[in-house]
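What follows is a short report on a single structure.
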Amino acid sequence: MNPIGVFDSGVGGLTVLRALAERLPGERFLYLGDTARLPYGTKTAETVIRYSVQCAGRLVDRGVKALVVACNTASSVALPALAAAYPGIPVLGVVEPGAEAAVAVTRNGHVAVIATEGTVRGGAYLRALQARRPGLRVTQVPCALFVSLAEEGWMEGAVADAVAHRYLDAVFNGTDAPDTLLLGCTHFPVLKATLARVVGSGVRLVDSAATTAAAMEALLAGREGWEPVSSYDEQLSGQPIPRFHFLATDGLERFARVGATFMGAPIATSELELVDL
């Protein structure tokens with residue numbers, strides 16, 4: 001059984017992998033974190049496209065049957081190049097599924113997007129949202145410190161609350177406030193409990209990791225011969241086959257330590273591999 005390939009510039013994309021694993025319990029996964037060259041958000045589009053094609057190429061060489069671009073920056077600029085480079089493999093990014101879900105759930109036509117500065121500056125979510133619903137109000141908020149909080153494991157508590165209030169109070173305290181909050185960074189799903197508490201119960205949170213997993217399920221369902229499996233069989237031809245394998249381009253120890261927060265479970269040394277792109 002060929003795995004689904006997932007790549008990101010680092011560990012944030014593990015929230016997407018986690019959502020995929022929950023949505024597709026019978027699938028295997030191969031994840032690549034380009035930790036030697038992160039962040040992608042500060043690079044030119046040309047560089048991000050080159051890095052993305054290299055990451056995808058490594059996964060394709062390992063026999064993946066589909067590709068998930070679990071990086072907002074790469075999703076916003078590299079999908080056409082990836083589709084051209086690997087025409088036989090379905091490629092899915094995180095921006096479009098998140099935008100689709102946010103448009104579907106907003107009641108007052110006002111969506112807030114929180115993301116990194118690079119993603120906000122690039123405007124990928126703004127374009128995707130307004131392409132689906134012209135006239136939609138979109139408020140974008142760069143929230144760089146959320147990335148640091150997530151990687152430090154400070155998802156809840158006084159510090160997380162204070163940062164969330166600082167970023168979001170001005171946006172959500174008002175008569176014409178957004179009724180939908182789109183988490184436009186793969187780091188942010190681990191902060192959902194804090195974010196939900198700060199913005200209030202009347203605001204719907206859209207997790208781009210969860211929506212991407214749902215989109216991948218639908219994509220696979222449309223392919224001939226694919227059938228959903230309710231649980232993963234660790235035996236294949238009598239040999240144990242791990243469900244997850246993780247590739248990183250630098251810092252395996254940190255990848256395992258920080259990545260466990262995003263995966264919601266420890267990452268075993270046997271599942272890790274250092275690669276050079």
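The values are calculated or read from the model by the stated rules, or taken from the named source; none is laboratory data. This one's a predicted model, so the numbers in the text were calculated from it and none came from an experiment. So basically every Cβ, Gly included, is an ideal-geometry build from the backbone, and we count neighbours across all protein chains shown.
The single condition among (1) part of a helix (DSSP H, G or I); (2) in the same structural domain as Ile89 (by TED's automatic domain parsing); (3) of a type outside the set (Val, Ile, Thr) that Pro266 does not meet is (1).
Considering the range 130-178, the residues that are of a type in the set (S, T, N, Q) and touching a strand residue (DSSP E or B) at 6+ places or on another chain (Cβ under 6 Å) include one that is farthest from Arg257 (Cα to Cα), namely Thr139. Taken over the range 21-67, the criterion of being acidic (Asp, Glu) and in contact (Cβ under 8 Å) with a residue 24 or more places away in the chain is satisfied by Glu22, Glu27, Asp34. Of the residues making up the range 107-121, those that are closer than 16 Å to Thr186 by Cα and in a helix (DSSP H, G or I) are Glu117, Gly118, Thr119, Val120.
Do we find that Val16 is in the same structural domain as Arg223 (by TED's automatic domain parsing), at pLDDT 95 or above and either surrounded by fewer than 24 Cβ atoms within 10 Å (Cβ to Cβ) or not basic (Lys, Arg) (or both) in this structure? Considered against the rule, which asks whether it is in the same structural domain as Arg223 (by TED's automatic domain parsing), at pLDDT 95 or above and either surrounded by fewer than 24 Cβ atoms within 10 Å (Cβ to Cβ) or not basic (Lys, Arg) (or both), Val16 comes out as yes. Scanning the range 241-249 turns up no residue that is modelled with pLDDT under 90, assigned by TED's automatic domain parsing to the domain that holds Gly12 and assigned to a helix (DSSP H, G or I). Restrict the check to the range 115-129 and report whether at least one residue is closer than 29 Å to Gly259 by Cα, crowded, with 19+ Cβ neighbours inside 10 Å, touching a Cys at 6+ places or on another chain (Cβ under 6 Å) and not aromatic (Phe, Trp, Tyr). The answer is yes; a qualifying residue exists.
Residue-by-condition table, conditions (1) within 27 Å of Gly225 (Cα to Cα); (2) part of a helix (DSSP H, G or I):
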position: Gly5; (1), (2): yes, no
position: Thr15; (1), (2): no, yes
position: Leu32; (1), (2): yes, no
position: Thr35; (1), (2): no, no
position: Ala56; (1), (2): yes, yes
position: Leu59; (1), (2): yes, yes
position: Ser76; (1), (2): no, yes
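Please pick out the residue among Arg197, Arg243 that is closer than 30 Å to Asp176 by Cα and of a type in the set (D, E, K, R). Going through Arg197, Arg243 in turn, just one is closer than 30 Å to Asp176 by Cα and of a type in the set (D, E, K, R): Arg197. Residues of the range 179-193 include at least one that is at pLDDT 95 or above and acidic (Asp, Glu). Scan the range 61-75 residue by residue and report those that are among the small types (Gly, Ala, Ser) and crowded, with 24+ Cβ neighbours inside 10 Å. Within the range 61-75, Ala70, Ala74, Ser75 meet the criteria.
For the range 173-198, the tally of residues that are out of contact with any Asp or Glu (no Cβ under 9 Å at 6 or more places or on another chain) and farther than 18 Å from Leu129 by Cβ stands at 6.
Kindly indicate the residue of the range 83-98 that is without any contact (Cβ under 8 Å) to a residue 60 or more places away in the chain and over 18 Å from Leu220 (Cα atoms) and also surrounded by the fewest Cβ atoms within 10 Å (Cβ to Cβ) among those meeting that condition. Across the range 83-98, the extreme among qualifying residues is Ala84. Determine, yes or no, whether Val48 is β-branched (Val, Ile, Thr), crowded, with 21+ Cβ neighbours inside 10 Å, part of a loop (DSSP other than H, G, I, E, B) and in the same structural domain as Leu247 (by TED's automatic domain parsing). In short, no.
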